[in-house]
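Engineer: Quick one: structure below, then a few questions.
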Amino acid sequence: MNLYNPYTPGAGFPPSFLAGRDDTIENAEQTLLYVQNGIVQRSKIYYGLRGVGKTVLLNKIEEMADDNLVMYEHLEVSEDGSFKSMMATSVQKLLTQMSVKAEIKQFAHKAISVLKAFQIKYSQGNMEYSFNMGDIIPAYGTADTGQFENDLKEILISMGVVAKKTDNLVCFFIDEVQYLKQEELTALMTALHRINQKQLPILIFAAGLPKIAKLAGDSKSYAERLFEFVSVDSLKYEDAKQALVEPALDQNVQYTQEAIDYIIEATGGYPYFLQEYGKQAWDKMTDRCIDLNCVKEARRDFIYSLDKSFFKVRYDRATKREKDFMFGMVKCGDLPCTIAEVANQMGTTPKSIGPLRSQLIHKGFIYATSYGEIDFTVPQFDKYLLRINPDLIIDKDRTM
Ligand SMILES: Nc1ncnc2c1ncn2[C@@H]1O[C@H](COP(=O)(O)OP(=O)(O)OP(=O)(O)O)[C@@H](O)[C@H]1O
Ligand SMILES: [Mg+2]
């Protein structure tokens, strides 16, 4: 029988074995169950570095929601500012699904008229409803005031009322939530605040880069009471080991202990890197055994593959000046570092590079750590920058 490579490096690609997230998934399942039984729960924001498995986790919870007959919509926020119209479309789809039964039509009537007003204001989209609801008149003056905080609250509440009356739970899965504009995040939180007060069955599961916790806190002082912020991190040793070993078991392929230790050391237990290394090591295997020789031999391909995909697509999004700033960070040696240290490396003042710092945070390259220092959102990005610019003089040897 031909062996097939079971590893899945890629954006949001479900791994053959989802390691180390059992507690988080169980907690999400409980939350769904509670809200389905009318008990208000905090929504969740999963935050962590690039490639740590946030999207995979979100999709897993989505699957669970699906199994439990929860109605849901998945949104991926982008930098292009389309969140408002995405929300209009999502609410439209949910309302349409909830109103297919004739006896429910009357509850949905008001919600659809509110949504129509919202949609005229924010997306000018064509609306297609089941059950000939197209002739409902928009509720002018409700969700079309132009004040997004009010308008989003209006459509979500009127939809929440329909959900409650029809015994539905509605979930929004929102990925890349750090790209929400401050105004949008504030609106989402205001709506959620009101939804909880009215005990409406709506939950949000969001995922994003670490800066989201700060953004949410800046938007509303009660963010912590609305959302549970859940850190998604690299995998602990035993979990990382499972992420490598389990996908191979089906085909009777084994790892030696030394090979496992070597890969975990090189990858720092980051899920994306584990998948990539597993994939490359698999291709070097002989006799259904992945040993130390084989993983050492695969190391070049592992790095080459990361460099040309995972790292490069991100690097290419930076401008020349942004790249200079990031090289300045690498020159600092140990990360995180302060902006004063970066300025020092660049031979300039912190003030002059302040805007660059903000730009890089906005674009999701770097984030401010809890002590106000900065670090990369992409694990081992410093090592990559050093590989493509080996002449950089740094304080410590950081080669991979
Ligand atoms: N718990 C896990 N166990 C094993 N592999 C995982 C796990 N979580 C994620 N992966 C693998 O890691 C890779 C990255 O996952 P994912 O795209 O979900 O990360 P992410 O945090 O959403 O990254 P980004 O911030 O770039 O969107 C995928 O190849 C996926 O198969
Ligand atoms: Mg993702």
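The values are calculated or read from the model by the stated rules, or taken from the named source; none is laboratory data. Small disclaimer: the values here were computed from a predicted structure and weren't measured. Neighbour counts run over all protein chains shown; Cβ positions are idealised from the backbone, glycine included. Surface areas here come from the heavy atoms of the whole protein model, side chains and all, with no ligands, DNA or RNA. Shrake-Rupley method; radii C 1.70, N 1.55, O 1.52, S 1.80 Å.
Engineer: In sequence order, what are the phi-derived ³J(HN,Hα) couplings for the range 173-180 according to the Karplus relation 6.51 cos²θ - 1.76 cosθ + 1.60 with θ = phi - 60°, rounded to whole Hz, with x for glycine and proline?
Structural biologist: 9, 10, 9, 6, 5, 5, 7, 5
Engineer: If you add up the charges near residue 313, with Lys and Arg at +1 and Asp and Glu at -1, over every other residue whose beta carbon is less than 12 angstrom from its beta carbon, what do you get? Mind showing how you got there, number by number?
Structural biologist: Details: positive: 50, 308, 312, 314, 317; negative: 307, 316.
Result for the neighbourhood of residue 313: +3.
Engineer: How would 313, 52, 161 rank on accessible area, largest to smallest, probe 1.4 Å? Mind showing how you got there, number by number?
Structural biologist: Values: 313 85, 52 0, 161 55 Å².
Sorted by accessible area, descending: 313, 161, 52.
Engineer: Another question, then. If we sort 54-60, 111-117 on the protection proxy, mean other Cβ atoms within 10 Å, highest first, what's the order?
Structural biologist: On the way: 54-60: 21.0, 111-117: 25.3.
Ranking the peptides 54-60, 111-117 by packing returns 111-117, 54-60.
Engineer: Within the chain, which cysteines find no other Cys whose Cβ is under 4.7 angstrom from their own?
Structural biologist: 171, 289, 294
Engineer: Shifting gears a bit: Find the centroid of the Cα atoms in the range 16-83 and in the range 207-228, then give the distance between the two in whole Å.
Structural biologist: 16
Engineer: Among the lysines, which have Cα under 19 Å from the Cα of residue 236 when same-chain residues fewer than 8 positions away are ignored?
Structural biologist: Partners found: 54.
Engineer: Measure nothing fancy, just the Cα-based angle from helix 54-67's long axis to the longest principal axis of the chain, in degrees from 0 to 90, nearest 10.
Structural biologist: 40
Engineer: Starting from the Cα of residue 105, draw a straight line to each of the lysines and keep only those under 30 Å, dropping any in the same chain fewer than 8 residues away.
Structural biologist: Straight-distance partners of residue 105: 84, 93, 116, 121, 153, 164, 165, 198.
Engineer: So how tilted is helix 350-362 from the main axis of the chain? Cα-based, degrees 0 to 90, rounded to 10.
Structural biologist: So the inclination is approximately 60 degrees.
Engineer: Something else: Listed highest first by mean packing, meaning other Cβ atoms within 10 Å per residue, what order do 292-299, 247-254 come in?
Structural biologist: My ranking of the peptides, most packed first, is 292-299, 247-254.
Engineer: Same structure, new question: If amide H atoms are built 1.01 Å from N in the plane of the peptide, which residues on other chains or at least 5 residues away come under 5 Å of the amide H of residue 45?
Structural biologist: Correct list: 206, 228, 229, 230.
Engineer: May I pose another question? Output wanted: per-residue J couplings in Hz (rounded whole) for the range 153-160, from phi through Karplus 6.51 cos²θ - 1.76 cosθ + 1.60, θ = phi - 60°, x for Gly and Pro.
Structural biologist: Going residue by residue, I get 4, 4, 6, 6, 5, 5, 6, x Hz, with x marking Gly and Pro.
Engineer: Of the accessible area of the chain, with the probe set at 1.4 angstrom, what percent is carbon plus sulfur? Intermediate results must be reported in sequence, preceding the final value.
Structural biologist: Numbers: 8840 of 18600 Å².
Here it works out to 48 percent.
Engineer: I want to check a number: in the range 252-382, how many lysine pairs have alpha carbons closer than 25 Å, given a sequence separation of 8 or more or different chains?
Structural biologist: Taking the range 252-382 as the scope, the lysine pair count is 25.
Engineer: Count the net charge of all other residues whose Cβ sits under 14 Å from the Cβ of residue 27, scoring Lys and Arg as +1 and Asp and Glu as -1.
Structural biologist: Details: positive: 21, 42, 44, 60; negative: 22, 23, 26, 29, 228.
Residues near residue 27 contribute -1 overall.
Engineer: Using the Karplus equation 6.51 cos²θ - 1.76 cosθ + 1.60 (θ = phi - 60°), what ³J(HN,Hα) coupling, rounded to whole Hz, does each residue of the range 237-242 give in order, writing x for Gly and Pro?
Structural biologist: My calculation for the range 237-242 gives 3, 5, 5, 4, 4, 4 Hz in order.
Engineer: Rolling a 1.4 Å sphere over the protein heavy atoms, what is the accessible area per residue of the chain, to the nearest Å²? Numbers along the way, then the final one.
Structural biologist: On the way: 18600 Å² over 400 residues.
I get 47 Å² per residue for this part.
Engineer: Hey, another quick one. Going by a ≥ b ≥ c, the root eigenvalues of the Cα gyration tensor, does the range 5-74 fall in the rounded group (a/c under 1.5), the prolate group (a/b larger than b/c) or the oblate group? Intermediate results must be reported in sequence, preceding the final value.
Structural biologist: Details: a/c = 2.24, a/b = 1.87, b/c = 1.19.
Verdict is prolate for the range 5-74.
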